[in-house]
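The values are calculated or read from the model by the stated rules, or taken from the named source; none is laboratory data. Note that this is a predicted model, so its numbers are computed, not measured. Glycine gets a Cβ as well: all are built from the backbone with ideal geometry, and neighbour counts include every protein chain shown.
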């Protein structure tokens with residue numbers, strides 16, 4: 001199924017439809033402020049395993065990100081943030097960044113295996129943030145873009161995304177043409193934050 005949502009004013013009934021799907025363990029392709037992503041509820045490990053299968057990887061080998069609605073929610077899944085890292089996040093989020101942070105034991109308990117680090121996102125997109133707010137918990141997400149993808153239309157046009165993923169996911173959100181460039185990845189587990197992939201975001205220090 002594909003549904004149309006508008007970022008300026010997401011329809012509450014359609015948001016609820018998406019949330020109900022996620023609550024039942026469904027996979028949903030969602031818009032972000034970069035590329036579209038495949039997402040599921042963090043509480044459904046079987047769904048996360050299915051996402052890994054779509055990526056032809058084992059769960060432990062998959063580099064998924066956890067999408068939160070605000071910085072306070074990040075603290076639920078990471079070790080205590082230093083003042084410098086907290087200020088860095090505050091300056092740049094919501095925005096097109098993935099921050100690599102040290103994971104805490106809560107994430108290990110949910111995923112059933114030890115996870116040293118975790119990628120955290122707070123996209124500047126009202127649709128996905130509203131979904132998380134109504135759902136009441138973060139999403140796990142991976143980009144629809146594979147490393148070898150070169151055809152921009154396939155990963156930016158929701159109708160083409162639907163054609164490709166309709167047998168793999170439960171729902172596709174059409175929020176208009178997406179972008180072809182992923183988020184900027186910032187590793188905050190080092191002595192100093194380091195950009196490991198320059199994407200859409202220009203980091204403010």
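For the reader, a short list of remarks on this structure follows.
- Looking across 106, 112, one residue alone is at pLDDT below 95 and on the phi > 0 side of the Ramachandran plot. It is 112.
- Selection within region 78-136: residues that are in a strand (DSSP E or B) and free of Cβ contacts under 8 Å to residues at least 60 places away in the same chain. The member of this set that is nearest to residue 184 (Cα to Cα) is 120.
- Of all residues making up region 53-77, the number that are surrounded by 20 or more Cβ atoms within 10 Å (Cβ to Cβ) and not in a loop (DSSP other than H, G, I, E, B): 4
- Of all residues in region 7-19 being part of a helix (DSSP H, G or I) and within 18 Å of the chain's Cα centre (by Cα), the one that is nearest to residue 124 (Cα to Cα): 15
- Residues that are surrounded by fewer than 21 Cβ atoms within 10 Å (Cβ to Cβ) and in contact with a helix residue (DSSP H, G or I) (Cβ under 7 Å, 6 or more places away or on another chain) are absent from region 97-107 altogether.
- Out of 32, 50, sole residue that is in a helix (DSSP H, G or I) and in contact with a strand residue (DSSP E or B) (Cβ under 8 Å, 6 or more places away or on another chain): 50
- In region 1-16, the qualifying residues are those that are touching a strand residue (DSSP E or B) at 6+ places or on another chain (Cβ under 9 Å) and touching a residue at least 40 places away in the same chain (Cβ under 8 Å), and the one that is surrounded by the most Cβ atoms within 10 Å (Cβ to Cβ) is 5.
- Remark: residue 41 falls outside the filter, which requires a residue to be in contact with a helix residue (DSSP H, G or I) (Cβ under 8 Å, 6 or more places away or on another chain), at pLDDT below 95 and under 16 Å from residue 142 (Cα atoms).
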